[in-house]
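Visitor: For reference, the structure I am asking about is given below.
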Amino acid sequence: MRPVGDSHRILIIGSGGREHALAWRLSRDPGVERVTVTPGNDGIHPPLARRTVPAADAAGLIALCRAERITLAVIGPEGPLASGLADTLRSAGNATYGPSRAAARLEASKWDAKQVMMEAGIPTAYARAFTTRPAAVAALDDFGPPWVLKADGLASGKGVLVTARRDEAERFLAACLEQDRFGEAGRRVVLEEHLSGEESSLMAICDGTTFRLLPAARDHKRAFDGDQGPNTGGMGAVAPDPGIDAAGEREIGERIVRPALAAMIRRGAPFQGTLYVGLMRTALGPKVVEFNCRFGDPETQAVMPLVTGDLAGTLAAAAASELGAAGLGRDAGAAVAVAIVAQGYPEASAAEGTLEGLEALMGRDDLWVFHAGLARAGTTWRLTGGRAVHVVARADTLAAARGRVYDAIATLGGRGWRCRADIGAASGPGAAAHGLKATVEGGGRT
Ligand code: AMP
Ligand code: GLY
């Protein structure tokens, strides 16, 4: 095995803002010779390298690792992990950061994850699983209102319904269990106790037995300001989460991450990779809302600018199941990531918008532009997906980081895009104090 700390040639598999942020951060580590992203996006440019092999092409990825003498593959999204890409790459002799197919069940089946939590005594919402509509409907009175209903499998973030309306809950059950709305992923539905509190995300770099915590972050999932509108893939994130202090983070590590790793060892599926803990901080303490088997998006975009120390060496050590004393530090400041999305997101996926002025924001050391659904069209950028780009700022305080990121966004032109104006505002002076109207919209530049 190559000694940890040697020069790394890293391959990041994925195409979103999370992968761009990881690539940027890993490329800054002194031991890193090259970072390649595949299939990446048009925002990946030198010194980062981009290749076009998709995550679904395992043979192509193995060939790419060989041709480019990759020393560590890092898998971004859950789909390929749940399909066993990490196992395939490792069997071909490639050091790979990311859980096996068996360990990725923590995200790929909400019911499997729930059983691991119950077995390990991890605090979480009480839940039951159903495979037939009548049984699930009969159980509704035991759970709500409000009701929390989850398709068991992977549903691109769309498989969860939280509602106070019984007719909606019943329609969701019918759609999943009788009308195949989410295909296989919806043939089992989990009914869950409703939890109240503030949500937080904590990511742990795990080597199977031990772990390192990254700064906690707070996602903003709803489409519109004031946490209104439908759930989305994430409209922005702040880190560190102002609601969790160092002692709180340690407690979550000991009460949630450590027992989860032990339970996965007992199941014969040690978890190596990023364990993402989605939490509700309730009056009775933190409870797990979900486990993900990968870095969060957009949390990663806010967290990466704050991670100090040898991240590449730490991921390589975790991939080799020898995290040992590998240490990561953290910047004392705060970061705010704001997603710029297509005007109609999340309902309308077809994007017609453009973005102008991004280049002027690049090349700074307190501000980053992490690309997701954007294609270069001459001197402008064309929106190609719901979430186009994340603008991220770091500063000594959360309020200053928020000011910096919205100042930068105010310089952008183009049309057909918008972003929330209140990312991070809950814990400081509101966006209104910064002179922003409710939602920032593209094309408003004068
Ligand atoms: P998930 O995909 O499991 O994270 O669920 C998506 C969103 O639904 C979460 O971010 C929460 O806002 C909400 N949610 C999930 N489970 C619960 C629960 N048990 N109680 C209240 N809200 C929940
Ligand atoms: N930010 C939520 C997720 O990555 O699933």
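Visitor: Please give, to one decimal in nm, the separation of the simple spin-label points placed at Asp365 and Gln343, each 7 Å out from Cα toward the Cβ.
Guide: Rounded to a tenth, the inter-label distance reads 4.0 nm.
Visitor: Output ³J(HN,Hα) for segment 214-219: one whole-Hz value per residue in order, computed from phi by the Karplus curve 6.51 cos²θ - 1.76 cosθ + 1.60 with θ = phi - 60°, and x for Gly and Pro.
Guide: With coefficients 6.51, -1.76 and 1.60, one gets 8, x, 5, 10, 10, 8 Hz.
Visitor: Could you check the spin-label model distance between Asp141 and Arg267? Points 7 Å from the Cα along Cα→Cβ, value in nm.
Guide: 3.4 nm
Visitor: Tell me whether segment 1-93 comes out rounded, prolate or oblate; compute the Cα gyration tensor, take square roots of the eigenvalues as a ≥ b ≥ c, and use a/c under 1.5 as the rounded threshold.
Guide: On the way: a/c = 1.62, a/b = 1.10, b/c = 1.48.
Oblate, because a/c is 1.5 or more while a/b does not exceed b/c.
Visitor: Rounded to the nearest 10 Å², what accessible area does Tyr126 have for a 1.4 Å probe in the complete protein model?
Guide: Approximately 120 Å² for this residue.
Visitor: If amide hydrogens are placed 1.01 Å from N in the peptide plane, which non-local residues have theirs closer than 5 Å to the one on Ala125?
Guide: Close amide H contacts, sequence-distant or interchain: Val288.
Visitor: Which semi-axes, in whole Å and largest first, does the equivalent ellipsoid of segment 250-404 have when worked out from the alpha carbon gyration tensor as the square roots of 5 times its eigenvalues? Intermediate results must be reported in sequence, preceding the final value.
Guide: Values: eigenvalues 218, 77, 59 Å².
Equivalent-ellipsoid dimensions as semi-axes: 33, 20, 17 Å.
Visitor: Starting from the amide H of Tyr97, placed 1.01 Å from N in the peptide plane, find each other amide H under 5 Å away whose residue is 5 or more places distant or on another chain.
Guide: Ala73, Val74, Ile75
Visitor: Specify whether the C-alpha gyration tensor of segment 36-84 places it in the rounded, prolate or oblate class, a ≥ b ≥ c being the square roots of the eigenvalues: rounded for a/c under 1.5, otherwise prolate if a/b is larger than b/c and oblate if not.
Guide: oblate
Visitor: Taking +1 at the Cβ of each Lys and Arg and -1 at the Cβ of each Asp and Glu, which of Ser27, Ala339, Gly296 sits farthest along the dipole of the chain towards its positive end, judged by Cα position relative to the Cα centre?
Guide: Ser27
Visitor: Please work out how much accessible surface Arg51 shows to a 1.4 Å probe, ignoring ligands, DNA and RNA, in Å² rounded to 10.
Guide: Here the residue's solvent-accessible area equals roughly 80 Å².
Visitor: Something else about it: Give me, ordered by chain and number, the residues 5 or more places off Arg188 or on other chains with an amide H under 5 Å from its own placed amide H.
Guide: Under 5 Å from the amide H of Arg188: Asp152, Gly153.
Visitor: Taking θ = phi - 60°, what integer Hz values does the Karplus form 6.51 cos²θ - 1.76 cosθ + 1.60 yield along segment 198-211, in sequence order, with x for Gly and Pro?
Guide: 9, 8, 9, 10, 10, 10, 10, 7, 10, 10, x, 10, 10, 7
Visitor: Moving on. When you count, for each residue, the other Cβ atoms within 10 Å and take the mean per peptide, how do 135-143, 301-309, 335-343 rank with the highest first?
Guide: Details: 135-143: 14.9, 301-309: 24.6, 335-343: 27.8.
Descending packing order for the listed peptides: 335-343, 301-309, 135-143.
Visitor: Something else: Would you mind working out the accessible area per residue for the chain, using a 1.4 Å probe, and quoting it in Å²?
Guide: Result: 39 Å² per residue.
Visitor: Can you give the Rg/Rh ratio of segment 286-330, where Rg is from the C-alpha atoms and Rh is the Kirkwood radius? Intermediate values should be presented prior to the final figure.
Guide: On the way: Rg = 12.5 Å, Rh = 12.2 Å.
Computed over Cα atoms, the ratio is 1.02.
Visitor: In deg cm²/dmol, rounded to 500, what helix-only [θ] at 222 nm does the chain give when every DSSP H run of at least 4 residues adds -39500 (n - 2.57) and the total is split over its residues?
Guide: Mean residue ellipticity, 222 nm, calculated: -7000 deg cm²/dmol.
Visitor: Turning to a different aspect of this structure: Report the charge-dipole magnitude of segment 205-280 in Debye, nearest 20, computed about the Cα centre from +1 at each Lys and Arg Cβ and -1 at each Asp and Glu Cβ. Please list the in-between numbers first.
Guide: Numbers: 9 positive and 9 negative charges, 75 e Å.
It works out to roughly 360 debye.
Visitor: Assuming a ≥ b ≥ c are the square roots of the Cα gyration tensor eigenvalues, decide whether the chain counts as rounded (a/c under 1.5), prolate (otherwise, with a/b larger than b/c) or oblate.
Guide: Rounded shape, in that the Cα axes give a/c under 1.5.
Visitor: What figure in square angstrom, to the nearest 10, would you give for the accessible area of Ser196 with a 1.4 Å probe?
Guide: 80 Å²
Visitor: Compute the length gained on full extension between Thr282 and Gln115: take 0.36 nm times their separation in residues and subtract their Cα-Cα distance, giving the result in nm to one decimal. Mind showing how you got there, number by number?
Guide: Working: separation 167, 0.36 × 167 = 60.12 nm, distance 2.08 nm.
Computed gain between Thr282 and Gln115 is 58.0 nm.
The values are calculated or read from the model by the stated rules, or taken from the named source; none is laboratory data. Predicted model only: the values in this text are computed from it and were never measured. As a convention, Cβ positions derive from the backbone with ideal geometry for all residues, glycine included, and neighbour counts pool all protein chains shown. Keep in mind that these areas ignore ligands, DNA and RNA; they rest on the heavy atoms of the full protein, side chains included. Shrake-Rupley method; radii C 1.70, N 1.55, O 1.52, S 1.80 Å.
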